């Protein structure tokens, strides 16, 4: 799980579920204890009722109660039962509700002591309270009795089940509401991170140069560091390009002087040889400097309009190769952009187009297509020249190698273009054109987007 929002929501949900579960169990336990205490007090009141209904004979001995104020004691199988036993004899009295039933042996209790318990007897369950009583007759002799009152647990269990049903419905409803609230709160809390992602995408697309949003204090350090990184990267790139430009200027000047110094000398062969080597050195130096200056793929580069670069290069090459009367067909997708440095794109297209113009007979076609969904870019350049044999493709991509040695040049154009394309993670391929010559296809895959994973 890579989403921060999903992680936080999962953890919060587990904590919430644990809390509500523990709360439900605690409330269930508390209600059961409270209900049992209420049952115990109710049974104690029944015992006091029985004691009040008991009488004594002429000698002061206890006479079991006859007229019972609680009618359920007189109704068979009413669910409320009572029995009075002496400590040394059989039961002295039992309620009419016990007719046909046997509560089993009852535990005797010392005077003033009571015992609350749950009895299971023949698939019936009771809550029973036994209370010890000392009855003193006129002679001062104490007789010990145990008053036991029992109540069927069915009403108790029904009440407990009703409480549990209501409790868990409410807790379930609360859990649902709280989960929704958590989701909203987490989404609101993580919104600044989504704002950072959106702003980074704007920088990536070239619509901004730094993060300018009003971010929370917790993200201030992050955004400040990112802005410093962007500024430093831009400064370093500018300084690097300036240094390379200075180096090129410094090298070309003495080379030009050296070449000029050979002009007009008697030894024509030597002068020509030196001039050729100086020219070759100049082109090699230019190649290496251009290679070093290539920016390569950058997620922070502004988009470059491909059609404008193509049209500008075609216009220039039409003038250079005016004598060939080249017909150029353009199929340029509107809005097609290159994610990189404009100078790099110019270098790629310039070398490939010049190669097409150089070897074509009379026609060159340029096609540009783009995938608006992914941002992928495809460039096709084809001519009606002699074409490139399949076994010569690797050869012509080597620096200093040309398929036709009779054509002027140092043979570094296609090699340079191939290297720049590779730096951008693109693909360069050669095929046979429908025009009969060479079809050069360049594909730039979509760059990875900032925040392309799951949203927080």
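What do you reckon, is residue 160 modelled with pLDDT under 90, more than 30 Å from residue 90 (Cβ to Cβ) and surrounded by 15 or more Cβ atoms within 10 Å (Cβ to Cβ)?
Working: modelled with pLDDT under 90: no; more than 30 Å from residue 90 (Cβ to Cβ): yes; surrounded by 15 or more Cβ atoms within 10 Å (Cβ to Cβ): yes.
Considered against the rule, which asks whether it is modelled with pLDDT under 90, more than 30 Å from residue 90 (Cβ to Cβ) and surrounded by 15 or more Cβ atoms within 10 Å (Cβ to Cβ), residue 160 comes out as no.
If residue 28 satisfies every condition in (1) on the phi > 0 side of the Ramachandran plot; (2) not in a loop (DSSP other than H, G, I, E, B) but one, which is the exception?
Of everything listed in (1) on the phi > 0 side of the Ramachandran plot; (2) not in a loop (DSSP other than H, G, I, E, B), residue 28 misses just condition (1).
Enumerate the strands (runs of 3 or more DSSP E) found wholly within segment 76-189, keeping only those where 2 or more residues are touching a helix residue (DSSP H, G or I) at 6+ places or on another chain (Cβ under 6 Å). Steps first, answer last, please.
Numbers: elements: 80-86, 91-94, 114-121, 124-136, 142-152.
So the answer is 80-86, 124-136, 142-152.
Does residue 391 qualify as being in contact with a strand residue (DSSP E or B) (Cβ under 9 Å, 6 or more places away or on another chain), in the same structural domain as residue 306 (by TED's automatic domain parsing) and either surrounded by fewer than 16 Cβ atoms within 10 Å (Cβ to Cβ) or not in a strand (DSSP E or B) (or both)? Lay out the reasoning, then the answer.
Working: in contact with a strand residue (DSSP E or B) (Cβ under 9 Å, 6 or more places away or on another chain): no; in the same structural domain as residue 306 (by TED's automatic domain parsing): yes; either surrounded by fewer than 16 Cβ atoms within 10 Å (Cβ to Cβ) or not in a strand (DSSP E or B) (or both): yes.
Answer is no for this residue.
May I ask you to list the residues in segment 291-315 that are at pLDDT 90 or above and loosely packed, with under 15 Cβ neighbours inside 10 Å?
So in segment 291-315, the residues at pLDDT 90 or above come out as 305-315.
If the condition is that a residue be at pLDDT 90 or above and loosely packed, with under 15 Cβ neighbours inside 10 Å, then 308, 312, 315 are the ones that fit.
Against the definition (within 14 Å of residue 152 (Cβ to Cβ), at pLDDT 85 or above and within 60 Å of the chain's Cα centre (by Cα)), how does residue 42 come out, yes or no?
On the way: within 14 Å of residue 152 (Cβ to Cβ): yes; at pLDDT 85 or above: yes; within 60 Å of the chain's Cα centre (by Cα): yes.
So residue 42 fits the description; yes.
From the set of residues in segment 316-334 that are loosely packed, with under 11 Cβ neighbours inside 10 Å and under 20 Å from residue 379 (Cβ atoms), which is nearest to the chain's Cα centre (by Cα)? Steps first, please.
Going through segment 316-334, the residues loosely packed, with under 11 Cβ neighbours inside 10 Å turn out to be 319, 322-323, 325, 331, 334.
Within this subset, residues satisfying the condition of being under 20 Å from residue 379 (Cβ atoms) are 331, 334.
Working: 331: 41, 334: 35 Å.
Among residues in segment 316-334 that are loosely packed, with under 11 Cβ neighbours inside 10 Å and under 20 Å from residue 379 (Cβ atoms), the one nearest to the chain's Cα centre (by Cα) is 334.
Out of the residues in segment 208-238 that are out of contact with any helix residue (DSSP H, G or I) (no Cβ under 9 Å at 6 or more places or on another chain) and touching a residue at least 40 places away in the same chain (Cβ under 8 Å), which is nearest to residue 342 (Cα to Cα)? Full working, then the answer.
Going through segment 208-238, the residues out of contact with any helix residue (DSSP H, G or I) (no Cβ under 9 Å at 6 or more places or on another chain) turn out to be 217, 220-221, 224-225, 227-229, 231-238.
Adding the requirement that they be touching a residue at least 40 places away in the same chain (Cβ under 8 Å) leaves 233, 237.
Values: 233: 17, 237: 14 Å.
Filtering segment 208-238 for residues that are out of contact with any helix residue (DSSP H, G or I) (no Cβ under 9 Å at 6 or more places or on another chain) and touching a residue at least 40 places away in the same chain (Cβ under 8 Å), the one nearest to residue 342 (Cα to Cα) comes out as 237.
Mind checking which residues of segment 49-66 are assigned to a helix (DSSP H, G or I) and loosely packed, with under 12 Cβ neighbours inside 10 Å? Before the answer, list the steps.
Initial filter on segment 49-66 (assigned to a helix (DSSP H, G or I)): 49-53.
Within segment 49-66, just 52 meets the criteria.
Every residue, every condition in (1) surrounded by fewer than 16 Cβ atoms within 10 Å (Cβ to Cβ); (2) farther than 19 Å from residue 53 by Cα; (3) touching a strand residue (DSSP E or B) at 6+ places or on another chain (Cβ under 8 Å); (4) not assigned by TED's automatic domain parsing to the domain that holds residue 49, yes or no:
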site	(1), (2), (3), (4)
87	yes, yes, yes, no
95	no, no, yes, no
106	no, yes, yes, no
121	yes, yes, no, no
129	no, no, yes, no
144	no, no, yes, no
150	no, no, yes, no
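The values are calculated or read from the model by the stated rules, or taken from the named source; none is laboratory data. Since the model is a prediction, treat every value here as computed from it, not as a measurement. Every residue, glycine as well, gets a Cβ built from its backbone with ideal geometry; the counts of neighbours run over all protein chains shown.
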